[in-house]
Amino acid sequence: MPQTLFEKIWDSHVVVESDNSPSIIYIDRHLVHEVTSPQAFEELRLNKRRVRRPDLTIATMDHNVPTSNRSLPIVDQISEIQIKTLEKNCQDFGIQLFDIQSPYQGIVHVIGPQLGITLPGTTIVCGDSHTSTHGAFGALAFGIGTSEVEHVLATQTIRMEKPKPFEIKVVGKRKNPHAITAKDIILSIIRHIGTNGGTGTVIEYRGEAISDLSMEQRMTICNMSIEAGARAGLVAPDKKTFDYLRGRKFTPKNYDDLVSQWQETLYTDSNASFAKSFTIDVSNIAPQVSWGTNPAMVCDVTDSVPFPEEYAKGNEDQKKAAEKALQYMNLKAGTKMTEIEIDRVFIGSCTNSRIEDLIEASKVIKGKNVSSKVRAMVVPGSQMVKKQAEEMDLDKIFKDANFEWRESGCSMCLGMNPDILAPGERCASTSNRNFEGRQGTGGRTHLVSPVMAAAAAIKGHFVDVREMDLN
Amino acid sequence: MKGNAIKYEQDNIDTDVILPGTYLKLHDYAELAKHAMEGIDPDFHSKVKDGDYIVAGRNFGCGSSREHAPIALSHSGIKAVLALSFARIFYRNAVDGAFLLPIEIDEDAYKSISNGDQLEINIEKNTVKNLTKNKEYKMKPFSELIGKIIAAGGLFKYKP
């Protein structure tokens with residue numbers, strides 16, 4: 001029977017499956033961080049269990065680490081306890097840890113691919129919803145909770161019901177790929193299918209516009225699959241995928257043999273059927289900006305803030321949600337998006353903090369200055385990204401323009417460390433969630449691409465980045 | 001199982017409002033409970049009573065995988081969330097740790113239940129009784145896997 005890529009990966013990882021019992025799925029890689037793991041390790045200790053496969057488990061610290069000078073002690077004592085706890089847990093259970101001083105430290109979803117831990121055709125889990133990022137490499141990767149983290153630590157398996165395959169065809173050629181980015185594509189998709197459009201599914205992103213994207217851009221797309229409610233998002237691996245992973249720290253020694261195997265198996269059969277399908281043409285999309293408090297409340301930068309009635313199209317619940325969002329965001333319907341002034345800019349997060357993101361943003365910024373009303377920061381996704389950027393002198397471009405140049409971590413994406421918005425502050429952010437209070441109590445988040453964030457930093461308000469010289 | 005409804009008439013109640021990120025550093029469950037629903041309802045902690053239910057719209061618990069979200073609700077006394085639909089990770093977290101019951105209800109039940117109504121949940125019969133309004137609603141039955149985990153009292157107690 002013809003199968004989708006997702007079904008092939010699923011089938012090759014089933015440990016137990018019968019009509020009468022739910023599936024047990026084998027996990028190839030388990031990524032661990034400091035926030036969702038302490039309780040899982042504690043329970044292992046209480047129940048006198050070991051970690052089943054420490055060699056397939058890799059840890060780093062990213063969520064609450066400070067992004068300021070790392071030679072100084074951590075000021076927040078509770079954060080420090082969480083960090084020390086992970087160190088002790090990794091020591092006790094024999095797990096490799098990239099700690100705060102490691103050159104490999106970084107956001108777990110940025111370092112996985114950079115280190116060659118993420119491989120096509122594998123199953124990858126992590127106690128973090130944005131684990132879907134790794135799907136860009138043709139892996140089945142999804143976020144789990146702490147009880148499931150414990151289950152994977154103890155058994156290297158997971159119990160779950162099989163999701164349904166959902167095809168999203170991305171067609172057309174972007175007119176200006178420097179201005180219309182992967183972020184704009186995924187925001188457009190979520191805007192159309194909604195925050196629960198992908199519930200119960202694994203999305204496969206397909207089509208010429210996906211093949212056109214670099215690996216880092218595909219990661220941005222897969223990263224936000226969860227914002228559409230999907231279990232995971234993936235892209236079939238191709239030459240770009242194989243080239244990206246060749247020769248990295250943990251890339252297997254028999255890599256070329258593996259590539260031959262992957263080429264033979266890791267694709268959706270031509271007549272396989274999907275439970276659901278959606279097509280989007282990207283040849284005419286504009287840069288996207290979120291105006292509300294969920295990632296489907298998005299419009300073109302050339303639009304105005306929508307009127308709740310218009311947005312709701314007759315749905316009373318949607319209308320109420322839009323009214324509430326506008327109130328929280330302190331926005332008036334009908335205001336041009338380009339007239340919205342901002343206080344802060346955040347370039348970072350597992351969505352957009354990789355080297356290509358920083359290169360593209362730096363092109364907008366080079367030789368210009370951040371608006372005097374704006375405080376802007378760049379938080380590279382990993383220490384490796386930071387080092388690479390510094391070798392290219394990108395840090396100088398950002399610093400000369402008055403951007404803060406920080407150490408790597410999740411930072412202002414989720415407001416766990418000291419990098420937060422003050423109540424009422426408005427931020428152009430390259431992150432993934434514009435939920436109420438996400439970046440700090442009372443903070444107002446607008447999701448945009450790195451080039452849109454950079455342009456807003458310079459002008460002090462949103463601008464159509466297509467009007468700027470990006471070469 | 002009887003309790004009173006605390007109703008939030010909205011979709012997409014995300015884990016960042018159920019438990020804001022800044023509290024993810026806390027390990028003490030009683031402390032987490034003090035901040036439950038803080039992002040959407042700062043009075044929640046003072047009004048919630050042991051045995052209460054939350055009633056909400058679609059896609060409840062969307063966003064982060066933080067298990068701290070169902071833990072904070074559970075330790076506030078919430079025994080079940082009745083919603084039109086759930087985000088998957090929240091749903092599994094609620095069940096895996098036996099923190100609370102995630103119960104899917106239909107539009108009629110959602111519209112009919114008012115804030116403060118006394119409800120009685122029966123997961124054997126898949127019914128929700130509204131004792132205040134003297135009505136009975138159907139809930140969506142749990143899938144086989146979820147039903148077994150709930151019956152066992154959590155993922156680690158479930159032995160197939």
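Pick from segment A:48-80 the residues that are without any contact (Cβ under 8 Å) to a residue 24 or more places away in the chain and farther than 26 Å from A:Cys350 by Cβ: which of them is most open to solvent (accessible area, probe 1.4 Å)? For segment A:48-80, the residue satisfying everything is A:Lys48.
Scanning segment A:408-433 for residues that are more than 10 Å from chain B (Cβ to nearest Cβ) and of a type in the set (S, T, N, Q) yields A:Ser408, A:Ser411, A:Ser429, A:Thr430, A:Ser431.
Looking at this structure, is A:Lys169 in contact with a Lys or Arg (Cβ under 9 Å, 6 or more places away or on another chain), in contact (Cβ under 8 Å) with a residue 12 or more places away in the chain, away from chain B (no Cβ under 14 Å) and basic (Lys, Arg)? When the stated conditions are applied, A:Lys169 passes them. When segment A:262-283 is examined, which residues are found to be within 24 Å of A:Asp28 (Cα to Cα), open to solvent by 40 Å² or more (accessible area, probe 1.4 Å) and touching a residue at least 40 places away in the same chain (Cβ under 8 Å)? Result: A:Thr265, A:Tyr267. Among the candidates B:Phe99, B:Phe86, the residue that is within 26 Å of A:Ile226 (Cβ to Cβ) and in contact with a Gly (Cβ under 8 Å, 6 or more places away or on another chain) is uniquely B:Phe86.
Kindly indicate whether A:Asn196 is without any contact (Cβ under 8 Å) to a residue 40 or more places away in the chain, within 23 Å of B:Ala87 (Cα to Cα) and under 18 Å from the mean Cα position of the chain (by Cα). Yes; evaluated as a whole, the condition is true for this residue. Among the conditions (1) at pLDDT below 95; (2) within 11 Å of chain A (Cβ to nearest Cβ), B:Leu19 misses just one, which is (1). Applying the condition of being in contact with a strand residue (DSSP E or B) (Cβ under 8 Å, 6 or more places away or on another chain), free of Cβ contacts under 8 Å to residues at least 60 places away in the same chain and not small (Gly, Ala, Ser) to segment B:79-91 and asking which residue is nearest to the other protein chains (Cβ to nearest Cβ) yields B:Ile89. Identify, by number, the condition in (1) more than 14 Å from chain B (Cβ to nearest Cβ); (2) part of a loop (DSSP other than H, G, I, E, B); (3) surrounded by 15 or more Cβ atoms within 10 Å (Cβ to Cβ) that A:Thr36 doesn't meet. If we test A:Thr36 against (1) more than 14 Å from chain B (Cβ to nearest Cβ); (2) part of a loop (DSSP other than H, G, I, E, B); (3) surrounded by 15 or more Cβ atoms within 10 Å (Cβ to Cβ), just (1) comes out false.
Among strands (runs of 3 or more DSSP E) entirely within segment A:109-184, having at least 3 residues that are under 14 Å from the mean Cα position of the chain (by Cα) singles out A:140-143.
Residue count for segment B:106-160 under the criterion of being in contact with a Phe, Trp or Tyr (Cβ under 9 Å, 6 or more places away or on another chain), open to solvent by 40 Å² or more (accessible area, probe 1.4 Å) and within 14 Å of chain A (Cβ to nearest Cβ): the result is 2. In this structure, A:Ile117 does satisfy being closer than 26 Å to A:Arg231 by Cα and at pLDDT 95 or above. Residues in segment B:42-78 that are more than 10 Å from every other protein chain (Cβ to nearest Cβ) and among the β-branched types (Val, Ile, Thr): B:Val48, B:Ile54, B:Val55, B:Ile78.
The values are calculated or read from the model by the stated rules, or taken from the named source; none is laboratory data. Predicted model, so just to flag it, every value in this text is computed and none were measured. Heads up, the Cβs are rebuilt from the backbone with ideal geometry, glycines too, and the neighbour counts pull from every protein chain shown. Accessible surface is based on the protein model in full, side chains and every heavy atom, while ligands, DNA and RNA are left aside. Shrake-Rupley method; radii C 1.70, N 1.55, O 1.52, S 1.80 Å.
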